[in-house]
Amino acid sequence: MTIALEPLALRERAPLDTTRLDSLLGDVLARIDRMLPQFGEYFPAPSSQQGVYAAIDNVEWTNGFWTGLLWLAWELTGEERYRRVAETNVASFATRIERHVNVDHHDLGFLYTLSACAGHRLTGSTQARSSGLEAARLLLKRFDPIARVIQAWGDMKNPKERGRMIIDCNLNLPLLYWATRETGNKDFAAAADQHLARAADLLVRPDASTFHTYYIDTKTGAPRHGSTHQGFSDDSSWARGQAWGIYGFALGWRHTRDARYLDLASRLANHFLNRLPADGICCWDLIFTDDDQTPRDSSAAAIAASGLLELAQALPLSDELRETYEAWAIAIVTTLGEAYLAPLDGSNAVLLHGVYHMPNKAGVDEACIWGDYFYLETLMRLRHPWQPYWA
Ligand code: GLY
């Protein structure tokens with residue numbers, strides 16, 4: 001089904017010229033500078049409490065976003081202080097994979113793409129390459145050949161989690177494509193290809209809304225049912241899931257050149273954009289549209305903005321949606337920069353007003369470290385020709 005983009009409610013706004021963009025970038029760098037002395041050997045927690053991230057060890061699925069922020073800051077400025085801390089982080093990721101610390105889940109892609117793989121690409125570090133490959137091997141072990149998906153969570157024998165895929169995993173697949181490029185072993189990419197095809201078949205509904213998670217029978221490979229984990233209901237679209245889908249299918253096109261994924265990314269994007277409140281920043285679940293008294297998720301908005309730019313640059317120059325998606329990405333990041341930026345006093349985050357896990361009441365209307373990362377990533381894409389770490 002074609003998903004028409006409704007008449008745009010894009011606010012008239014001043015074009016994002018280089019001066020304005022540099023000012024938004026300066027705001028982010030000032031906030032990273034404020035975080036640097038606090039985190040040192042530690043990492044920001046997944047979400048803040050009253051706008052303040054606690055310092056944690058390298059134990060969460062989110063630790064790579066801080067390292068990714070540091071690599072972006074280093075690429076932007078060339079300042080050695082960012083690289084020094086990023087390299088300390090990469091060494092910590094090497095230890096984490098060696099000691100097998102909280103790595104039995106699919107988020108190895110988030111963790112290692114933005115730390116070790118980015119570090120290997122930017123500095124040539126062989127230690128970074130080795131730990132990225134070790135993470136990819138572990139991720140490959142989560143591939144179930146009958147369900148043809150990477151199991152998201154839990155032990156591979158856990159009956160409750162067997163055969164469960166989730167839309168977020170689309171962003172974990174680039175680690176597998178990277179491992180095939182690095183080693184020549186096609187098993188990594190073959191698993192990613194199969195998972196992506198299952199995501200397209202099972203996670204996307206006919207109206208281009210998405211299930212957060214989906215269960216597949218691991219004895220027969222038969223699809224069972226969709227369900228939510230962080231969304232409002234099983235049949236709603238969790239906003240961040242939709243954003244992972246937009247970005248993840250656009251990346252799927254980058255890695256496979258299968259036009260189906262470009263079309264899917266575009267349909268998901270239209271569904272998402274049609275449900276934005278007036279300020280362009282999504283509510284935490286797309287069942288809520290305008291003027292609802294429910295929190296926004298600035299982190300989903302930031303992921304979607306970067307995903308829209310990934311999608312726009314993949315479309316042919318003649319496709320009019322190219323400019324539309326770019327305009328939306330700019331509208332979203334400028335609103336984030338104007339109305340969602342954390343204050344320098346009383347917070348150690350970049351963006352406020354994200355939602356980590358509404359059903360668990362965790363990180364509601366708080367900063368989320370991945371939101372900070374994708375906000376800077378979007379600004380980076382707008383400022384410089386930049387090769388994504390997911391590429
Ligand atoms: N990937 C988990 C989340 O987005 O909260």
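The values are calculated or read from the model by the stated rules, or taken from the named source; none is laboratory data. Treat the numbers as computed from the prediction; the structure is a model and nothing was measured. All Cβ positions, even for glycine, are placed from backbone atoms using ideal geometry, and neighbour counts span all protein chains on display. With ligands, DNA and RNA removed, areas are computed over all heavy atoms of the protein, side chains included. Shrake-Rupley method; radii C 1.70, N 1.55, O 1.52, S 1.80 Å.
Summary of packing: across the peptides 115-125, 39-49, the per-residue average of other C-beta atoms within 10 Å ranks them, highest first, as 115-125, 39-49.
Shown here for the range 57-97: chymotrypsin sites (Phe, Trp or Tyr not before Pro) in loop regions (DSSP other than H, G, I, E, B) with at most 10 other Cβ atoms within 10 Å, of which there are none.
Other residues within the sphere of radius under 14 Å centred on the Cβ of residue 155, judged by their own Cβ, net out at +3 (K and R +1, D and E -1).
Length gained on full extension, residue 344 to residue 55, computed as 0.36 nm times the residue gap minus the Cα-Cα distance: 102.3 nm. Calculated mean residue ellipticity, 222 nm, the chain: -16000 deg cm²/dmol, from DSSP H runs (n ≥ 4) at -39500 (n - 2.57) each, averaged per residue and rounded to 500. Relative contact order, whole percent, for the chain stands at 18, derived from Cα pairs under 8 Å and 6 or more residues apart.
Tell me the net charge near residue 240. Cut-off is 10 Å between Cβ atoms, residue 240 excluded, with +1 for each Lys or Arg and -1 for each Asp or Glu.
-3
If you take the alpha carbon atoms of the range 227-297 and fit the smallest convex hull around them, that volume is 87 Å³ per residue.
The label-point distance for residue 141 and residue 20, in a model that sets each label 7 Å from Cα toward Cβ, rounds to 5.0 nm.
Counting pairs on different chains as well as pairs 8 or more places apart, how many Lys pairs in the chain have Cα atoms under 27 Å apart? Lysine pairs, 8 or more places apart or on different chains, close enough: 9.
Counted over the range 1-125 with a bin width of 5 Å, the fraction of Cα pairs per bin, in whole percents, is 2, 10, 18, 18, 15, 11, 9, 8, 6, 3, 0. Ligands, DNA and RNA left out, the accessible area of the chain computed with a 1.4 Å probe is 49% carbon and sulfur.
Across the chain, counting alpha-carbon atoms alone, Rg and Dmax equal 19.3, 58 Å.
Electrostatic tally near residue 388: other residues with Cβ closer than 12 Å to its Cβ, Lys and Arg +1, Asp and Glu -1, net 0. What the Cα convex hull of the range 262-326 gives, in volume per residue, is 76 Å³.
Available extension along the chain between residue 36 and residue 322 is 99.3 nm, counting 0.36 nm per residue and deducting the alpha carbon span. Membrane-span-like helices in the chain (whole DSSP H runs, Cα extent of at least 15 Å along the helix axis, mean Kyte-Doolittle hydropathy of at least 0.5): 63-77, 298-314. Counting other Cβ atoms within 10 Å, which GluC sites (Glu not before Pro) in the range 48-124 have at most 14 and lie in a DSSP loop? Within the range 48-124, the qualifying GluC sites (Glu not before Pro) (loop, at most 14 other Cβ atoms within 10 Å) are 79.
Considering only alpha-carbon pairs that sit under 8 angstrom and 6 or more positions apart, the relative contact order computed for the range 90-220 is 25 percent.
Scattering from the range 351-391 was approximated by placing one identical point on each alpha carbon and applying the Debye formula without solvent; log10 I(q)/I(0) at 0.23, 0.25, 0.29, 0.33 1/Å stands at -0.73, -0.79, -0.91, -1.04.
A 1.4 Å probe run over the chain, with the rest of the protein chains in place, finds 38 Å² accessible per residue. Taking a ≥ b ≥ c as the square roots of the eigenvalues of the alpha carbon gyration tensor, the range 265-391 is oblate, as a/c is not under 1.5 and a/b does not beat b/c.
In the elastic network of the chain, a GNM with C-alpha springs shorter than 10 Å, the most mobile of 55, 147, 208 is 55.
Taking label positions 7 Å along the Cα-Cβ direction at both residue 205 and residue 104, the computed distance is 3.4 nm, reported to one decimal.
Evaluated with a Cβ-only charge set (Lys, Arg +1; Asp, Glu -1), the chain carries a dipole of roughly 1240 debye about its Cα centre, given to the nearest 20. Where the centroid of each part is defined by its Cα atoms, how far is the range 46-113 from the range 215-278 in Å? Using only Cα atoms, the two centres lie 26 Å from each other.
Within the range 131-164, what residues put their amide N at less than 17 Å from the label point 7 Å along the Cα-to-Cβ vector of residue 224? Only 143-164 fall inside the zone, counting backbone N under 17 Å.
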